[in-house]
Each structure stands twice: as structure tokens, then as C-alpha cells.
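Student: Submitted below is the structure of interest, expressed as C-alpha cells.
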Amino acid sequence: MDKARKQRVSGLIALVLLFALYVAWTQRPQILLHYDAQGSGPVSYSFKENGVETLAGDIKPGEVRSFPLSLWRSAGYLVSFTFHRGAEKYASFSSRPGYDKQDLFLGPGLEVSTQPIASGSFRQQQ
């Protein structure tokens, strides 16, 4: 095999690998957290994978945050969220996610659902 052909084959292999990495990165499993626009203020969150906190921060009403998930995981892979607004409100959610995109909805009273939350669908607990 001559030098020019080796370079073309090497370039083609590199291009295929880069494309595969691009697709793997852009299509990787993730959880999208949607916070209801009628929320009463920012909510602090903590995102854990297998009990290890990987992301923490605040989300404002109407925002959507993306949480990328690990591609290579053990059989017992678990993700969990903890939400709180001040000291009085607290909610949590745990899941064993698949390898696709998952939407998670956070209501104004820190209700957590995997389905869109209709306004007024939850009663305030006294």
C-alpha cells in the first residue's frame, strides 16, 4: 500500500471516529428538568448519580436545565434529585433512567412529575 493511500484511509477512519463521537455526545442520554413558569422563585437543586453529587445549583421559574447521564453504567445505576426552597419546602425524586431523553417537571409547589403538570392539578397539603 502506498503512502498516499494509507493517508486517505487514515483520514477516513479519523473522520468516521469523530462523527461517531459527535453523535454519541449530542444524542447521549439526559434528563431535562422543566420548572413551571408560575413558580414563586428560584429553587435549589442537587443532582446525584449513584449517591454522588455531580451537579448543584439553582433553577428559576420557566427555565429548563439539562443533566447529562453516564453512558457506561452499572446494573444498579440510580439518579436522584433533591429540591428545596429555603428551609420550609423540600422534595426529592429518584429513578433508574433508560438510555434516552427523559423529561422531569417541577411544579410551583415543588411537585415532581414525569408528565407535564397542569396548573392547579395539585392540592396544597395543610
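The values are calculated or read from the model by the stated rules, or taken from the named source; none is laboratory data. Predicted model, so just to flag it, every value in this text is computed and none were measured. Backbone-built Cβ (ideal geometry, glycine too); neighbour counts: all protein chains shown.
Student: Which of the residues spanning the range 56-90 are over 11 Å from the mean Cα position of the chain (by Cα), charged (D, E, K, R) and closer than 18 Å to SER46 by Cβ? Please lay out each step first, then the result.
Tutor: Of the residues in the range 56-90, the ones over 11 Å from the mean Cα position of the chain (by Cα) are 56-63, 71-78, 82-90.
Narrowing the set further to residues that are charged (D, E, K, R) leaves 58, 60, 63, 73, 85, 88-89.
ASP58, LYS60, GLU63, ARG85, GLU88, LYS89 - these are the residues of the range 56-90 that are over 11 Å from the mean Cα position of the chain (by Cα), charged (D, E, K, R) and closer than 18 Å to SER46 by Cβ.
Student: Looking for something under 13 Å from the mean Cα position of the chain (by Cα) and over 22 Å from PRO116 (Cα atoms) - is there at least one such residue anywhere in the range 29-51?
Tutor: Taking every residue of the range 29-51 in turn, at least one turns out to be under 13 Å from the mean Cα position of the chain (by Cα) and over 22 Å from PRO116 (Cα atoms).
Student: Here's something else I'd like to know. Name the single residue that is nearest to GLN27 (Cα to Cα) among those in the range 90-107 being free of Cβ contacts under 8 Å to residues at least 40 places away in the same chain, surrounded by fewer than 16 Cβ atoms within 10 Å (Cβ to Cβ) and not small (Gly, Ala, Ser).
Tutor: Going through the qualifying residues, I end up with ARG96.
Student: Within the set of pairs 6 or more residues apart or between chains, which connect a residue that is in contact (Cβ under 8 Å) with a residue 60 or more places away in the chain inside the range 1-30 to a residue that is among the small types (Gly, Ala, Ser) with Cβ atoms less than 9 Å apart?
Tutor: PRO29/SER70; PRO29/GLY98; GLN30/SER66
Student: Out of everything in the range 46-101 that is outside any strand (DSSP E or B) and among the aliphatic types (A, V, I, L, M), what residue ends up being farthest from LEU33 (Cα to Cα)?
Tutor: ALA75
Student: Taking PHE93 and the conditions (1) under 17 Å from the mean Cα position of the chain (by Cα); (2) modelled with pLDDT of 85 or more, which numbered condition does it fall short on, given that it satisfies the others?
Tutor: Going through the list (1) under 17 Å from the mean Cα position of the chain (by Cα); (2) modelled with pLDDT of 85 or more, PHE93 breaks only (2).
Student: Another one. Quick one: would you say LEU33 is surrounded by fewer than 16 Cβ atoms within 10 Å (Cβ to Cβ) and modelled with pLDDT of 90 or more?
Tutor: Answer is no for this residue.
Student: Across the range 102-118, which residue is farthest from SER40 (Cα to Cα) among those that are outside any strand (DSSP E or B) and of a type outside the set (Val, Ile, Thr)?
Tutor: By that ranking, first place goes to GLN115.
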